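Inspection log for the structure reproduced underneath, given as structure tokens.
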Amino acid sequence: MLQLSYRGSGALAVDDVPAPVPGPGEVRVRVHSTGLCMSDVYGVSGVNDRRDVVLGEGDVLVMGHEVAGHVELGGPGAGDLAPGTPVAIDPIAGCGDCPTCRAGDENLCDARTVYGCTPAAAGGYAEAVVVPRRKLHVLAPGTPIEVGALVEPLSVGAHAVRLAAPAAGDAVLVIGGGIIGIGAALAARRRIGAVGKLLVLEPRAERRALCEALGLRAAAPDSPVDGFDLALDCVARPETFANAVQAVRPQGLVMLVGIFSDEIPLPVSTVVWRETRIAGSFGYSDGDFADVAQWVGSGAADLAPLVQQRVGFDGLTGAFEDYASGALTAVRTLFQPGFEQQERT
């Protein structure tokens, strides 16, 4: 099978390798769609070293953690999912035995593995991927299979909203109109209801237009905002964090969801004087992923506009380069192994 291999220092190459064989409790999934996450782009382009530090001598990393596809082959004890069953993959796998995992929070397990983020757990920039059966979520009949690849990033925003727990009617600000911010806004809308106040701040006009198309109110970051009960910073630059702190009411909550900058200044005086609460949100729990997969399959929202570009193997490396240079700003580009073949037939 073909896979996109990363060997560090920005080096990407398409390799032909044997198809992985599922072991006990594992399932091989034929990849249909994998979302290009900016965390992969940042790692390959050198914005941070999170994709290089996991590599040992001679290691190959197959990235891609936003995956949907069809069951192809089950290993011993993997259950009875029929070949061809459409699934979304939850890529965060904890040890399964610690108190955190038993509570359903595998995202916080000290021994967690994230498929697509370590050489030992290959991800979805490939024709097939092997994962534990318990990490597969069957998509509801009629769900477009490529929409299944949106479950993972949408779950990140939904997890943050669940932790923040806004009440019906609360005023919620989302900073950042990318896929994580949109996921947070959609989840917040489900929680606060039509009587709530919800606003997305996004600098790019085309992304504001996308938010509006999804029924979300959006504005440029230079718009004055204040009095919010909750601000979800899905970017985490110094300026977005400062904006979030200023936007919430006294004793309001700022939830950090994005990780663009590892360290940002803290406006201590404002936080202390207004008793601002600050919290972080990482990934999602098993329950969050399952809830979003169910919601996506319900058809309650038309998520097709989020998929703005599709590439196959011959366009995948170029997509990385275009995102890194800023030439490509699509909210989601999906890698689809069969894309070129589909186009030619």
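The values are calculated or read from the model by the stated rules, or taken from the named source; none is laboratory data. Note that the coordinates shown come from a computational prediction; the quantities given were computed from them, not determined experimentally. Note that each Cβ is placed from the backbone with ideal geometry, even for glycine, and that neighbours are counted across all protein chains shown.
Looking at this structure, is Leu316 assigned to a helix (DSSP H, G or I) and either at pLDDT 95 or above or touching a Gly at 6+ places or on another chain (Cβ under 7 Å) (or both)? Talk me through it step by step, then tell me what you get.
Values: assigned to a helix (DSSP H, G or I): yes; either at pLDDT 95 or above or touching a Gly at 6+ places or on another chain (Cβ under 7 Å) (or both): yes.
Answer is yes for this residue.
When the residues of the stretch 269-302 are narrowed to those that are in contact with a strand residue (DSSP E or B) (Cβ under 9 Å, 6 or more places away or on another chain) and free of Cβ contacts under 8 Å to residues at least 40 places away in the same chain, which ends up farthest from Cys234 (Cα to Cα)?
Ranking the candidates gives Trp273 first.
Which of (1) more than 16 Å from the chain's Cα centre (by Cα); (2) in the same structural domain as Val138 (by TED's automatic domain parsing) does Leu306 not meet, given it meets every other one?
(1)
I want to confirm something. Restricting to the stretch 156-171 and keeping residues that are touching a strand residue (DSSP E or B) at 6+ places or on another chain (Cβ under 9 Å) and of a type outside the set (Gly, Ala, Ser), which single residue is farthest from Arg191 (Cα to Cα)?
Across the stretch 156-171, the extreme among qualifying residues is Leu163.
Can you find a residue in the stretch 160-170 that is in contact with a Leu (Cβ under 9 Å, 6 or more places away or on another chain), farther than 29 Å from Glu72 by Cβ and not aliphatic (A, V, I, L, M)?
Yes: the stretch 160-170 contains one or more residues that are in contact with a Leu (Cβ under 9 Å, 6 or more places away or on another chain), farther than 29 Å from Glu72 by Cβ and not aliphatic (A, V, I, L, M).
Report those strands (runs of 3 or more DSSP E) wholly inside the stretch 1-91 carrying at least 2 residues which are farther than 25 Å from Gly283 by Cα and of a type outside the set (S, T, N, Q).
Values: elements: 2-6, 12-16, 26-35, 67-74, 86-89.
Hits in the stretch 1-91: 12-16, 67-74.
Please specify each residue of the stretch 227-238 satisfying the condition of being more than 9 Å from Ile264 (Cβ to Cβ) and either buried (at least 19 other Cβ atoms within 10 Å of the Cβ) or at pLDDT below 95 (or both).
Going through the stretch 227-238, the residues more than 9 Å from Ile264 (Cβ to Cβ) turn out to be 227-235.
Once the filter is applied, which keeps residues that are more than 9 Å from Ile264 (Cβ to Cβ) and either buried (at least 19 other Cβ atoms within 10 Å of the Cβ) or at pLDDT below 95 (or both), the stretch 227-238 yields Phe228, Asp229, Leu230, Ala231, Leu232, Asp233, Cys234, Val235.
Condition check ((1) in contact with a Pro (Cβ under 9 Å, 6 or more places away or on another chain); (2) of a type in the set (A, V, I, L, M)) across all residues:
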position	(1), (2)
Met38	no, yes
Tyr42	no, no
Gly46	no, no
Asp49	no, no
Leu55	yes, yes
Glu66	yes, no
Pro76	yes, no
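On the given criteria, is Gly116 under 16 Å from the mean Cα position of the chain (by Cα) and surrounded by 23 or more Cβ atoms within 10 Å (Cβ to Cβ)? Break it down stepwise before answering.
Details: under 16 Å from the mean Cα position of the chain (by Cα): yes; surrounded by 23 or more Cβ atoms within 10 Å (Cβ to Cβ): yes.
The answer is yes for Gly116.
Which members of the stretch 1-54 meet the condition of being more than 17 Å from Ala68 (Cα to Cα), surrounded by 14 or more Cβ atoms within 10 Å (Cβ to Cβ) and of a type in the set (S, T, N, Q)?
Correct list: Ser5, Ser39, Ser45, Asn48.
Could you check how many residues of the stretch 239-260 are surrounded by fewer than 16 Cβ atoms within 10 Å (Cβ to Cβ), polar (S, T, N, Q) and in contact with a helix residue (DSSP H, G or I) (Cβ under 9 Å, 6 or more places away or on another chain)?
Narrowing the stretch 239-260 to residues surrounded by fewer than 16 Cβ atoms within 10 Å (Cβ to Cβ): 239, 249-251, 259.
Then keep just the ones that are polar (S, T, N, Q); that gives 251.
Cutting the leftovers down to in contact with a helix residue (DSSP H, G or I) (Cβ under 9 Å, 6 or more places away or on another chain) gives us none.
Residues flagged as surrounded by fewer than 16 Cβ atoms within 10 Å (Cβ to Cβ), polar (S, T, N, Q) and in contact with a helix residue (DSSP H, G or I) (Cβ under 9 Å, 6 or more places away or on another chain) within the stretch 239-260 amount to 0.
Each row is one residue, and each column tells you yes or no for (1) outside the structural domain of Leu108 (by TED's automatic domain parsing); (2) free of Cβ contacts under 8 Å to residues at least 60 places away in the same chain.
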{"position": "Arg133", "(1), (2)": "no, no"}
{"position": "Ala165", "(1), (2)": "yes, yes"}
{"position": "Val172", "(1), (2)": "yes, no"}
{"position": "Ile175", "(1), (2)": "yes, no"}
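Condition first: modelled with pLDDT of 95 or more, more than 29 Å from Asp314 (Cα to Cα) and surrounded by fewer than 24 Cβ atoms within 10 Å (Cβ to Cβ). Can you find one or more residues in the stretch 171-178 that meet it?
First, pick out the residues of the stretch 171-178 that are modelled with pLDDT of 95 or more: 171-178.
Then keep just the ones that are more than 29 Å from Asp314 (Cα to Cα); that gives 171-176.
From what's left, surrounded by fewer than 24 Cβ atoms within 10 Å (Cβ to Cβ): 171.
Yes, some residue in the stretch 171-178 is modelled with pLDDT of 95 or more, more than 29 Å from Asp314 (Cα to Cα) and surrounded by fewer than 24 Cβ atoms within 10 Å (Cβ to Cβ).
Within the stretch 319-338, can you find the residues that are modelled with pLDDT under 95 and buried (at least 18 other Cβ atoms within 10 Å of the Cβ)?
Passing the criteria: none in range.
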